[in-house]
Amino acid sequence: MGTSDATTAAGLNGKKRISVLLPLPLADAYDYRVDGNLELQPGDFVVVPLGSRRVIGVVWGDAGGDVDAARIKPVAARLDAPPMPDALRKFIDWVAAYSLSPPGAVLRMAMNVRDVLKPPKPVRAFAAAAVPPDLRMTPARQRVLDVLAGGPPRTASDLSREAGVGASVIKGLAAAGALGAQDLPPGPTFAPPDPDHPGVKLSAEQQAAAASLCDQVDAQKFEVKLLDGVTGSGKTEVYFEAIAAALRLGRQALVLLPEIALTPQWFDRFARRFGTEPVVWHSDLGQARRKLAWRAVATGEARVVVGARSALFLPFAELGFLVVDEEHESAYKQAEGVPYHARDMAIVLAQLMACPIVLASATPSLETRVNVSRGRYGRLELPERFGAAALPAVEAVDMRDSGLKVDEFLAPTLREALVETLNAGEQALLFLNRRGYAPLTLCRVCGHRFECPSCSAWLVEHRFRRQLQCHHCGYNAPVPRACPQCDTEGSLAVCGPGVERIAEEVKTVVPEARVGVMTSDTMHGPDAAQEMVRAIEARELDLLIGTQMVAKGHHFPYLTLVGIVDADLGLGGGDLRASERTYQVLHQVAGRAGRAERPGRVIVQTHQPDHPVMQAMISGDRETFMQLEEDNRAQGGWPPYGRLAAIIVSSRDGAAAAAAAAALARAAPSGPDIQVLGPAPAPLAMLRGQHRQRLLLKTTRDKAVQPVLRAWLSQVAIPPRVRVRIDIDPYSFL
Ligand code: ADP
Ligand code: ZN
């Protein structure tokens, strides 16, 4: 653990000068004066002047004291809101120091909700008043008065629902003086989850794992446990028990999920276990719901929060248990803005909160495995699927001798299996991690390839929308009739498949099948995804074709066949985790097959059937594969056997970026425990019109990268049109 600047709540009494952290990317907290009898504690939200503006900030601690007293401005006001908890302030300092980001930029993530500190509006409610003698009575009006007779005041929306009338009826009655309006204090927004709501009956193995987690929760001390269980073994049901234990202690619980909006089934199961929905937190939530959720966490009304990575920065005052589900997911790494890995930071938060944390996965990350074998984390195992379900049989199809035409992508084995499965009244899933119709469009006459004007990337054809799209910057253009280079009409050809092209091919294989395509761009929002999940559950669809989005946690009892269209897709490129990640996603997709009584079958199409990933898929031998990966990483000194930081230098001016990268390289640190790789043009040498160069700092495990980076960067003057971004523990090498 690093050091922290946040003072504890007791430390400020009688101080007339304080430091206030503002949610802005400033290097430090600013000093302010406390006038009159304003009483302030660390964590209080205050309004302070900044230049000509007024800004909301958080009292961070004692003032440094070296600023001229006459120049220090007074705090304008203290806001009436629960103070930011000590642990969250320490967490913000910790994340800032670790990621080399300004603390204010981290604070901004913790209060990134519009008007969150404005008190909620009171609720307008109506009660019956004396009915004016000249009131024209209608059946609808009478129903409203009947509902109110003798009952408590009700809001307009409750009234209209209970009386079965439109809003205009209530307005009319109020205008006529037949209803009296009054303001009620805002009531509770979230029903408390009930830990004793009857849940499923756990198997003996599940029970043992749950008991161990519950003991940890009861002990309320920091401890990390890996919950390592095959897909369908009941990990979720097991950690629900630990959440119940936290609730019984009067503690809050937080569950992180990688793609929160996309797993409606998780919410159903939570509601079944606890009798109500959890409080949800993610970036697609509207501002109004974000505000409600944030405040409910701050006041303690929210007892269980399920959220995406940014939920770590909510103001929990009584957190007693954390879960990181699918802990191996790279979606936990935020690369933009303040870069952080939510799994790693969740562990830091648990330590600051002195509470236990569970990492759940069927394919734990190498980092976590190594922490288990070093004895830093404990491990609980659920080696079997729940109930009658068995793990699916996996077979590989060697695509080097599949005999397919260039525009065909489904091998005969897979085609036959599709026909058989659908004939048996069961469902199938085809997985291809590529959106759109085809990843490359070219001219057969002159060879012109369609490239993004601002990125070094091919444009992907989206045939449903008749568009060419860049998957990096969002650029799009209609598919032209003629080649823009040689003007030949009808000369354009596409190479390779995306999910849309697979959807076209399956029509020739199973023409009658009801097909759904599930990708982030064919699903407009969480509701569409939820609707498709429902349609599959209700067996209104026979065949689902999708990207990584389909891999997430879904449980479809009639889905018995999974076809992996291109298992090699993630293996290219120089990413140190390419094999591990490919294995994880393939394993997870395969885990969708045969989750109930019907046995599952998985067909893996590959050009590299001997690759360790494919061998591990076929044999089901995860340990041998992960051990091989571990050995490779250990030999190269790669994480978690060494530390990495990426330095990305970018500019609209390619020469300026290259010059700045070269200057950084000349000042590069050296030593027996330090290595600097690069600079080299990034694989995505141009992104959104920015030319990009990369350097990589690699140190041994016992050498922290942050002080090395600070010393290094302070020696090099970076021109204003060049941007240098630091990514500690990088997961993307593009
Ligand atoms: P995992 O998270 O390990 O993939 P889940 O917790 O999603 O596994 O469980 C898989 C399925 O089995 C879910 O539908 C779940 O409700 C069901 N299940 C698991 N354990 C039990 C149990 N003890 N009793 C009834 N159903 C269970
Ligand atoms: Zn682009």
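Couple of notes before you dig in:
- In the range 192-219, of all residues being among the aliphatic types (A, V, I, L, M) and over 26 Å from HIS554 (Cβ atoms), the one that is nearest to the chain's Cα centre (by Cα) corresponds to VAL217.
- Residues that are touching a residue at least 40 places away in the same chain (Cβ under 8 Å), of a type outside the set (S, T, N, Q) and surrounded by fewer than 19 Cβ atoms within 10 Å (Cβ to Cβ), drawn from the range 265-276: ARG272, GLY275
- Tabulated pairs, the range 711-732, first farther than 30 Å from GLU329 by Cβ, second among the small types (Gly, Ala, Ser) and part of a strand (DSSP E or B), C-beta under 9 angstrom, 6+ apart or interchain: PRO719/SER651; ARG721/SER651; VAL722/SER650; VAL722/SER651
- Within the range 206-231, the set of residues being crowded, with 24+ Cβ neighbours inside 10 Å and at pLDDT below 95 comprises just one member, GLY229.
- Condition met for ARG598 (touching a residue at least 24 places away in the same chain (Cβ under 8 Å), part of a loop (DSSP other than H, G, I, E, B) and surrounded by fewer than 24 Cβ atoms within 10 Å (Cβ to Cβ)): yes
- Beta carbons closer than 7 Å, at least 6 apart along the sequence or on distinct chains, pair a first residue in the range 315-337 that is in contact (Cβ under 8 Å) with a residue 40 or more places away in the chain with a second that is among the acidic types (Asp, Glu) for ALA331/GLU259; ALA335/ASP727.
- Picking from residues in the range 128-153 that are surrounded by 12 or more Cβ atoms within 10 Å (Cβ to Cβ) and of a type in the set (D, E, K, R), the one that is nearest to ILE170 (Cα to Cα) is ARG141.
- Answer residue from the range 416-433, given it is under 28 Å from the mean Cα position of the chain (by Cα) and hydrophobic (A, V, I, L, M, F, W, C) and is surrounded by the fewest Cβ atoms within 10 Å (Cβ to Cβ) among those: LEU432
Condition check ((1) over 19 Å from LEU418 (Cβ atoms); (2) over 28 Å from the mean Cα position of the chain (by Cα)) across all residues:
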{"residue": "ALA482", "(1), (2)": "yes, yes"}
{"residue": "MET518", "(1), (2)": "no, no"}
{"residue": "MET523", "(1), (2)": "yes, no"}
{"residue": "PHE556", "(1), (2)": "no, no"}
{"residue": "THR560", "(1), (2)": "no, yes"}
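- Residue in the range 501-515 that is more than 22 Å from ALA417 (Cβ to Cβ) and away from ligand 1 (no atom under 16 Å from the Cβ) present: no
- At least 2 residues being under 30 Å from the mean Cα position of the chain (by Cα) and within 26 Å of VAL95 (Cα to Cα) is the threshold, and among the strands (runs of 3 or more DSSP E) wholly inside the range 616-734 those reaching it are 642-651, 690-700, 723-728.
- Assessment of the range 225-241 against the conditions (free of Cβ contacts under 8 Å to residues at least 12 places away in the same chain and either closer than 18 Å to ARG272 by Cβ or out of contact with any Phe, Trp or Tyr (no Cβ under 7 Å at 6 or more places or on another chain) (or both)) yields no matching residue.
- Checking THR582 against (1) within 25 Å of PRO683 (Cβ to Cβ); (2) touching a Pro at 6+ places or on another chain (Cβ under 8 Å); (3) free of Cβ contacts under 8 Å to residues at least 60 places away in the same chain, the condition it does not meet: (2)
- Residue that is charged (D, E, K, R), more than 27 Å from the chain's Cα centre (by Cα) and away from ligand 1 (no atom under 16 Å from the Cβ), where the choices are GLU395, GLU336, GLU384: GLU395
- Yes/no for ALA645 being in contact with a His (Cβ under 8 Å, 6 or more places away or on another chain) and at pLDDT 95 or above: no
- Count of the range 443-476 residues which are touching a residue at least 40 places away in the same chain (Cβ under 8 Å), within 24 Å of GLY573 (Cβ to Cβ), crowded, with 18+ Cβ neighbours inside 10 Å and more than 7 Å from ligand 2 (Cβ to nearest atom): 1
- Here PHE222 passes the criteria (1) more than 27 Å from the chain's Cα centre (by Cα); (2) in contact (Cβ under 8 Å) with a residue 40 or more places away in the chain except the one numbered (1).
- Residues that are more than 9 Å from ligand 1 (Cβ to nearest atom), touching a helix residue (DSSP H, G or I) at 6+ places or on another chain (Cβ under 9 Å) and not in a helix (DSSP H, G or I), drawn from the range 221-243: PHE222, GLU223, VAL224, LYS225, LEU226, ASP228
- Within the range 140-197, the set of residues being of a type in the set (D, E, K, R) and within 28 Å of GLU277 (Cα to Cα) comprises ARG154, ASP158, ARG161, GLU162, ASP183, ASP194, ASP196.
- The sole residue among ALA390, ALA350, ALA360 that is under 29 Å from ARG89 (Cβ atoms), in contact with a Gly (Cβ under 8 Å, 6 or more places away or on another chain) and either part of a helix (DSSP H, G or I) or within 16 Å of ligand 1 (Cβ to nearest atom) (or both) is ALA360.
The values are calculated or read from the model by the stated rules, or taken from the named source; none is laboratory data. All figures in this text were calculated on a predicted structure; none of them were measured in a lab. As a convention, Cβ positions derive from the backbone with ideal geometry for all residues, glycine included, and neighbour counts pool all protein chains shown.
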